[in-house]
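Throughout, read-outs are computed from the coordinates displayed, never taken from laboratory work. Computed from a predicted model, the values in this text were never measured in an experiment. Cβ coordinates were reconstructed from backbone atoms using ideal geometry, including for glycine residues, and neighbour counts include every protein chain displayed.
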Amino acid sequence: MTLDDLRVFVAVCAAGNLSAVARDLSCSQSAVSQHVKRLERETGLVLLERRPRGVLPTRAGRILHRAATEGIAGIDAALRHLDDLRRGVGGTVRIATGATTVRHFMAAGVAAFRARHPEAALQFETAGSSRRCLETVRAHTADLAWVTIGPPLEGVEQRAACELPWTLAVHVDDPLARRDSIRLDDLAGIRHIELPAHSTSRVHLETHLERHGVRLTSTTSVADWDTALLLAELGLGHAIVPALPGWGGGRGEVRLIPIADLPPLTAGWAARSWDALSPLAIEFADTVLAHLRT
């Protein structure tokens, strides 16, 4: 049983597919299978249940997966600390973010943290969505992730930090721009600029609109909130976006109008285990929150 065997096994459990892991590791599916078979020989137990569309860990597999995941995380953390010592830096914090997270939520906090810890290494990875950020944390490739708080995910702790009311972004010449607030019924006729499919924010939005019988019509989709706001500013449609820090009540040719009766989004930090974070990572997270709240 080797560390590589365990790493491959953890990856297979996460992906649920041998061929997907083989592609990620640039090796053959047979090579991936050999790692798993070696573990099964040494434990004397079947660890994976083969199914038509992939694999699932058996009861024994789940036990080994949990232990291997925690063990690998500890080894990887130790290796990072040793690398920091070798390079003479003050530690590393790895942060997974969405496309616009740093600009809207972290700018002041990052600057303050850097001023206090000029030798610390900050590694930002743009994961593109909250779901991918959570998966990055669960896979041990990030210490922290800033996410839209959503349903619980096994192996990840989410901590709410702030609420983001929804607004309707419209061009200043749009008839709706004269409104002080927007009712949910008013949204049925907008030219909606929709958020990415299956994103946490879009699921949140559509869930609540459906409860009120509101269905949106869209011919335009975007990958992030900033692009949605830009298209609304250009008069290409209406964007339903959260009131992000720094946006204010208006931006040039666009107005942000509060939407009544739509529950706000909640954003915050995610980590595999808050208690297992390094003191440096905890200080980074706290610094971002302190500056965000001010």
### Task
May I ask for the net charge around residue 158, where only other residues with Cβ less than 15 Å from the Cβ of residue 158 are counted and Lys, Arg are +1 while Asp, Glu are -1?
-1
### Summary
Between residue 24 and residue 111, the two model label points (7 Å from Cα along the beta-carbon direction) sit apart by a distance in nm of 3.7
### Query
With the dipole of the chain worked out from charges on the C-beta (+1 for Lys and Arg, -1 for Asp and Glu) around the Cα centre, which of 134, 229, 184 lies farthest toward the positive end?
134
### Fraction of beta bridges assigned by DSSP in the chain that are antiparallel (%, nearest 5)
65
### Task
Using Cα extents along the principal axes in Å as the read-out, say which of [x] 57, 42, 38; [y] 63, 47, 38; [z] 71, 51, 29 was calculated from these coordinates.
[z]
### Query
Under a point-charge model restricted to the Cβ atoms of Lys and Arg (+1) and Asp and Glu (-1), what is the dipole moment magnitude of the chain relative to its Cα centre, in debye to the nearest 20?
640
### Message
Helix-only mean residue ellipticity at 222 nm, the chain, DSSP H runs n ≥ 4 weighted -39,500 (n - 2.57), per residue, nearest 500. What is it?
### Response
-13000 deg cm²/dmol
### Task
Give the range of the longest stretch in the chain that excludes all GluC sites (Glu not before Pro) found in loop regions by DSSP and having at most 11 other beta-carbon atoms within 10 Å.
155-294
### Message
Using the Cα centre of the stretch 131-279 as the reference point, and only Cβ charges (+1 on K/R, -1 on D/E), how large is the resulting charge dipole? Debye, rounded to the nearest 20.
### Response
100
